[in-house]
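Since the structure comes first, as structure tokens, the remarks are kept for the end.
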Amino acid sequence: MLKTVGKWTVVGAVALSILGGVGGVGQEPIQVEAATKALPDNHTIQELKVEWRKDLSHGFLVHVGDRKGTLLLRVDQPKVERNIEWVNWSITKPKSVSFTMHTKINERPYLPPFYFDSGYFNNGGKRFADDATLRYGLMKFSDFSDPNYYAALSIYLPQKYNNDGTYWFGGNGYALNEDGQVKAYFFENVDVVEDSIKRVSNGGTFPLMNKVMWGKTELWKGQLGKVTIKKPSTLWKRLENGNLEKVRDLKIGDEYRVYRYIDERNGLYGVGAGMFVERNTSTVLYETPSKRNLRLVKIMHGER
């Protein structure tokens, strides 16, 4: 049965036995989303070089080059230096702040800046100015209830606006004051400004369009691998005395995230909440995530 929700088509819940977070086993059915609008493959995302320049008004140089498409910027809070503006923002909870991007800085002439706003919906759906050199992008903060909230910005660049494709990004010096604070990504030849901003969440899904899926399961940060049940097996729970107690039988095709490995008995795969699956190549397939998927998980959490 298909149910359409907004622009997403939700395929009836697939009964998969998948472990939840480290804190416990959450056997929740998974809803498989099929986009009615084609979004780019997450693996096509490009990481761009960003330079922090104190001499350029405490700004960042973003090296876009000849690329045409959607530029995504993630601005994290400074870890060491002044953080007063971010503290104020957590109190006032603004929809947008003074971040801009210029084609050049401290040089004349330079094209007008690129403005970021909290959304174009308040402007009758108009996202870009008539003048092609003055463009508007979207800005959104992740959940303010998270003390490590970040700002996400996205803008579509249909052309290169200067000779070397390097742009100055900056704003309030109290907010942008640390190397590595700004990270830049690019989806080439597509306009996914609105889609990317909608994905901003406390869970850190920006700048990705979707979750990082690995087979039937979502790949999580800190996950070592996964086990797939090839033949009926047993889920074990480790007791305080070190003994193993049977929890239940596992079905063929079930997948479980592996967070640790214990070299006992034949080997035990830790699948969260003190539960284990015994290593047995005839009944259990163990796999490790690919480098390309691990790369996406790091990007999703704002890591390099």
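The values are calculated or read from the model by the stated rules, or taken from the named source; none is laboratory data. Values in this document were obtained by computation on a predicted structure and should not be read as measured data. Because the Cβ atoms are built from the backbone with ideal geometry, glycine has one as well, and the counts that use them run over all protein chains shown. Surface accessibility is based on the protein's heavy atoms, side chains included, excluding ligands, DNA and RNA. Shrake-Rupley method; radii C 1.70, N 1.55, O 1.52, S 1.80 Å.
Among the residues of the range 150-169, how many are in a loop (DSSP other than H, G, I, E, B) and within 16 Å of the chain's Cα centre (by Cα)?
Residues of the range 150-169 that are in a loop (DSSP other than H, G, I, E, B), as a first pass: 150, 158-165.
Filter again for within 16 Å of the chain's Cα centre (by Cα), leaving 150.
Within the range 150-169, residues that are in a loop (DSSP other than H, G, I, E, B) and within 16 Å of the chain's Cα centre (by Cα) number 1.
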Out of all the residues in the range 271-304, which are free of Cβ contacts under 8 Å to residues at least 24 places away in the same chain and under 22 Å from GLU245 (Cβ atoms)?
ARG279
Here are the criteria: (1) surrounded by 13 or more Cβ atoms within 10 Å (Cβ to Cβ); (2) within 30 Å of ARG135 (Cβ to Cβ); (3) at pLDDT 90 or above. Tell me which single one GLU194 does not satisfy.
(3)
For the range 204-227, which positions are buried (at least 18 other Cβ atoms within 10 Å of the Cβ) and outside any loop (DSSP other than H, G, I, E, B)?
TRP214, THR217, LYS226, VAL227
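Listed residues SER96, SER118; which is within 21 Å of TYR150 (Cα to Cα), at pLDDT below 90, in contact with a strand residue (DSSP E or B) (Cβ under 9 Å, 6 or more places away or on another chain) and surrounded by fewer than 16 Cβ atoms within 10 Å (Cβ to Cβ)?
Working: SER96 fails: surrounded by fewer than 16 Cβ atoms within 10 Å (Cβ to Cβ).
Exactly one of SER96, SER118 is within 21 Å of TYR150 (Cα to Cα), at pLDDT below 90, in contact with a strand residue (DSSP E or B) (Cβ under 9 Å, 6 or more places away or on another chain) and surrounded by fewer than 16 Cβ atoms within 10 Å (Cβ to Cβ), namely SER118.
Condition (residue is touching a His at 6+ places or on another chain (Cβ under 9 Å) and closer than 30 Å to THR283 by Cβ) applied to the range 214-233: is it met by at least one residue? Walk me through it before giving the result.
Here is the first cut: in the range 214-233, the residues touching a His at 6+ places or on another chain (Cβ under 9 Å) are 221.
Remaining after also requiring closer than 30 Å to THR283 by Cβ: 221.
Yes: the range 214-233 contains one or more residues that are touching a His at 6+ places or on another chain (Cβ under 9 Å) and closer than 30 Å to THR283 by Cβ.
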Out of ARG265, ARG304, ARG248, sole residue that is within 27 Å of MET209 (Cα to Cα), open to solvent by 60 Å² or more (accessible area, probe 1.4 Å) and not hydrophobic (A, V, I, L, M, F, W, C):
ARG304
In the range 268-294, which residue that is open to solvent by less than 80 Å² (accessible area, probe 1.4 Å) and among the polar types (S, T, N, Q) is farthest from the chain's Cα centre (by Cα)?
SER282
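Please enumerate the residues belonging to the range 170-203 that are assigned to a strand (DSSP E or B), among the hydrophobic types (A, V, I, L, M, F, W, C) and closer than 18 Å to LYS68 by Cβ. Working first, answer last.
Residues of the range 170-203 that are assigned to a strand (DSSP E or B), as a first pass: 170-171, 182-188.
When the remaining residues are screened for being among the hydrophobic types (A, V, I, L, M, F, W, C), the result is 182, 184, 186-187.
ALA184, PHE186, PHE187 - these are the residues of the range 170-203 that are assigned to a strand (DSSP E or B), among the hydrophobic types (A, V, I, L, M, F, W, C) and closer than 18 Å to LYS68 by Cβ.
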